[in-house]
Amino acid sequence: MPNHLNSSQDLPIDFPEVLERIGGDELFLEELLKIYFEEFGEKHAQLERAIEQGNFTLIQELGHSLKGASANLSLTVLKKVCFSLEVSGRENKIEQAQSALAALEKEFQKLKDYLIASPLKKGSD
């Protein structure tokens, strides 16, 4: 059950929710986040190319993949942005895809900045 006591909906990551999902193992969460960051870099580059080429199928697939990974880590805002990418690919809307990509980059940077400022240990308090 999501914990919304500390306005976690406004944060890039919902630490209480994700820690509950993985049994409170902060080291495991750190590993999962490292994997997410690596995969994000690869998928981001693919998304840029797919948008440049108007490859809507790939935009949809990458959006869907990133949406699932974001959801698994309780990255609520990133999940929503990735859903927008997925929809833009499904509906063949290049302007929406470009806008969603810009939002994705902005929200990913917010997540990185937040994790630097708020180590995992703080999230479980």
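I need a count of the residues in the stretch 82-99 that are touching a Phe, Trp or Tyr at 6+ places or on another chain (Cβ under 9 Å) and either at pLDDT below 95 or not polar (S, T, N, Q) (or both).
Here the count works out to 6.
Go through (1) within 13 Å of PRO12 (Cβ to Cβ); (2) out of contact with any Lys or Arg (no Cβ under 8 Å at 6 or more places or on another chain); (3) crowded, with 19+ Cβ neighbours inside 10 Å for ALA117 and report which single condition fails.
Result: ALA117 fails condition (3) only.
Within the stretch 34-54, count every residue that is aliphatic (A, V, I, L, M) and either closer than 11 Å to GLN98 by Cβ or buried (at least 16 other Cβ atoms within 10 Å of the Cβ) (or both).
The qualifying residues number 3.
Go through the residues of the stretch 37-56 one by one and say whether even a single one is of a type outside the set (D, E, K, R) and in contact with a Lys or Arg (Cβ under 7 Å, 6 or more places away or on another chain).
Checked against the condition, which is being of a type outside the set (D, E, K, R) and in contact with a Lys or Arg (Cβ under 7 Å, 6 or more places away or on another chain), the stretch 37-56 yields no hits at all.
The values are calculated or read from the model by the stated rules, or taken from the named source; none is laboratory data. Please read all numbers here as calculations on a predicted model, not as lab measurements. Note: ideal-geometry Cβ built from the backbone for every residue, glycine included; neighbour counts use all protein chains shown.
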